[in-house]
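Note sheet for the following structure.
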Amino acid sequence: MVMSYIGLAVVAVAVIYGIVIYNGLINLKHGIGKAWSNIDILLVQRHSELPKLVETCKQYMQFERETLSQVMAARSAADGARQSGDVKGVGTAQSALSAGLGKITATVEAYPELRANQSIQHLLGRITGLENAISDRREFYNETVNAFNVRLEEFPDVIIARLFGFKSGVLLEFSEGEKADVDVGALFRS
């Protein structure tokens, strides 16, 4: 009789512990979704600001049409990847978009009439602020994904994770070009 109570208590503790692990994994899984949603909001805001910047710059930058076209093409690619939930595609497209924005910024700095334009300065400031916020959110997203992935591999969490079919999260990674130092001189030559 006592042995059956002990056995029942062990099973009850194991079930409760399993529930706690499962709930922790679910919490982290939804944390990844929330972190991605925060990035998504900022990407939408940035993507809505880019056409305004491009249109304003077109008035002054007839000779820089290729740069503006590259920025808009990268914007479209990033938006498509974002809408489809393709984390790797977003990383690649955002790298191209950041490079194009760097060229626009360098061009604006090189020409006094662009630098003096209030609209361009406002839009560049807004986009720079969004870039910084996106960078912060990327870091938080990757930390959340990493915490989730670690939990999926830790014992005894791995048992519950495999039992319920949890899949690893995907880190938001960037191209080597985006991680490298910017060659400001090359931005002025393009």
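Can you work out ³J(HN,Hα) from phi for every residue in region 159-173, in order, using Karplus 6.51 cos²θ - 1.76 cosθ + 1.60 and θ = phi - 60°, giving whole Hz and x for Gly and Pro?
Once θ is set to phi - 60°, the couplings for region 159-173 become 5, 5, 4, 5, 4, 9, x, 5, 10, 4, x, 9, 6, 8, 10 Hz.
In a shell of Cβ-Cβ distance under 12 Å around Trp36, excluding Trp36 itself, what net charge do Lys and Arg (+1) and Asp and Glu (-1) give?
+3
Dipole magnitude of the chain about its Cα centre, charges +1 at Lys/Arg Cβ and -1 at Asp/Glu Cβ only, in debye to the nearest 20?
420 debye
Would you please report the Å³ per residue occupied by the convex hull of the alpha carbon atoms in the chain?
Looking at the chain, the number lands at 111 Å³ per residue.
Going toward the positive end of the dipole of the chain, with +1 on Lys and Arg Cβ and -1 on Asp and Glu Cβ, which of Val108, Gly125, Val2 do you reach last?
Ranked along the dipole, the leading option is Val2.
Name the most mobile residue of Phe166, Phe140, Phe155, meaning the one with the largest mean-square fluctuation, in a Gaussian network model of the chain with Cα contacts below 10 Å.
Phe155
Take every Cα pair under 8 Å in the chain that's 6+ residues apart, average their separations, divide by the length, and report that relative contact order as a whole percent.
Relative contact order comes out at 31 percent.
Here, each number is a calculation from the coordinates, and none is a lab measurement. The structure presented is a predicted model; accordingly, all values stated were derived computationally and were not measured. No Cβ is skipped: glycine too gets one built from the backbone with ideal geometry, and neighbour counts run over all protein chains shown.
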